[in-house]
Structures are given as C-alpha cells and as structure tokens.
Amino acid sequence: MEKDMKIEKFQYPDYVNFNKKIFPVFLEWSKTKEDFRENNEYHRDRYDQRVKERITYFDMNKSWHSEDNLQDNELLKPLKDFILETAKKTFNKKFKFYTMWTIITRKYSKGEPHSHRGSYSGIYYVNNGCFDDDNITGCINFEMKDGVKKVKPRDGDLLFFPSDTVHYVDEYLGDGNRVVISFN
C-alpha cells in the first residue's frame, strides 16, 4: 500500500438522524454485552496474533469494544451501503467488509499506535463526545510519508485510509461518551 496516499474524508448525508438512532443502542450494548476484548480464548481460536494484540490499543478501563461483525447487523445497513458506494466511487473498486466494530471511549482514553488488516480501513464518527467544535479532543493522527496528518473527529465524518497506515488517537478529554465505528 502506498504510504503517500491521502486520507479520504466524507460526511454521511443523514448523519444526524442515523446517529440519534444508533447512539443509544450502542450505549445500551456497552452496559449489557461483554466487551469483545475480554474473551481472550475467543481471540486465540479465531484470529492471528496481530488481531489479538489490538486488545491493547485502547485502555479497557476507559473503553468498550463491540463484537467485530457489525457489518452483518441490519441496524447499520444504511451506513454500510453508504460506505460501499463511497468506496467504489472513490477507489473505482468493489469492496467487501472484513470486520466492523464500535468503540465507546470515556474521558482520558487514547489509542496507541497501530494499523489494520485488509486493503482499506475506515472510521465513522457517531459522537465525538465534545460539545464545542473549537475544543475537540481525541484527534486521530496518521503517520504519512511526509509527516503526521491530524484529523479532528466531527460527528458524521467518514474517513478512509490504507489499512497499513499507522495511526493513533490523542487523549480524549470530553465529558460525554465518544462513539466511533471502525471497519476493514
């Protein structure tokens, strides 16, 4: 994958209504479903070492991670369709999902440097957790050929990037729940 490929950024057209619908569902899941990273035996049986290591990218005391098969969830079909359509138009290739998951983070969380598997990965921002656009925290940083590209998370933003691009998330300092959907 070319390291100098730019990060592609889009906005989901109906993000306000979509996010209002899925935000409370994800919060409920975080209270009623086990964190996907907790079951190490599941990881050992199902995935290679690189995937098992992702359980360390975000502090488990400050975050919750859903199962990684959300691409099969009917609730997310509108977003999934938008992602596939946008990817096809942008890259002139047909895409399929390998994994999709959500991460809910709380104040003082941050993401350690990591990359993903597959050809392309992406992030969709359900809620950046900040109520003031001037003081958004938890920016994502991409290590590019010409330096680090910092992106402020804004609700409804969809980012595409080469999966092997190392990236990390600055410390999040908002008081609300920060909710993102990631995919490969």
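The values are calculated or read from the model by the stated rules, or taken from the named source; none is laboratory data. The structure presented is a predicted model; accordingly, all values stated were derived computationally and were not measured. Cβ coordinates were reconstructed from backbone atoms using ideal geometry, including for glycine residues, and neighbour counts include every protein chain displayed. Calculation scope for accessible area: heavy atoms of the full protein, side chains included, ligands and nucleic acids excluded. Shrake-Rupley method; radii C 1.70, N 1.55, O 1.52, S 1.80 Å.
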Identity of the residue in the stretch 68-77, in a helix (DSSP H, G or I) and out of contact with any helix residue (DSSP H, G or I) (no Cβ under 7 Å at 6 or more places or on another chain), that ends up nearest to residue 96 (Cα to Cα): 72
Tally of residues being under 12 Å from the mean Cα position of the chain (by Cα), of a type in the set (A, V, I, L, M, F, W, C) and surrounded by fewer than 20 Cβ atoms within 10 Å (Cβ to Cβ) across the stretch 140-168: 0
Every pair of residues 6+ apart whose Cβ atoms lie under 9 Å, when the first sits in the stretch 95-106 and is without any contact (Cβ under 8 Å) to a residue 60 or more places away in the chain and open to solvent by 20 Å² or more (accessible area, probe 1.4 Å) while the second is among the charged types (D, E, K, R) and not in a strand (DSSP E or B): 95/88
Residue in the stretch 130-147 that is touching a helix residue (DSSP H, G or I) at 6+ places or on another chain (Cβ under 9 Å) and closer than 18 Å to residue 16 by Cβ present: no
Odd one out for residue 109 among (1) hydroxyl-bearing (Ser, Thr, Tyr); (2) over 22 Å from residue 87 (Cα atoms); (3) at pLDDT below 90: (3)
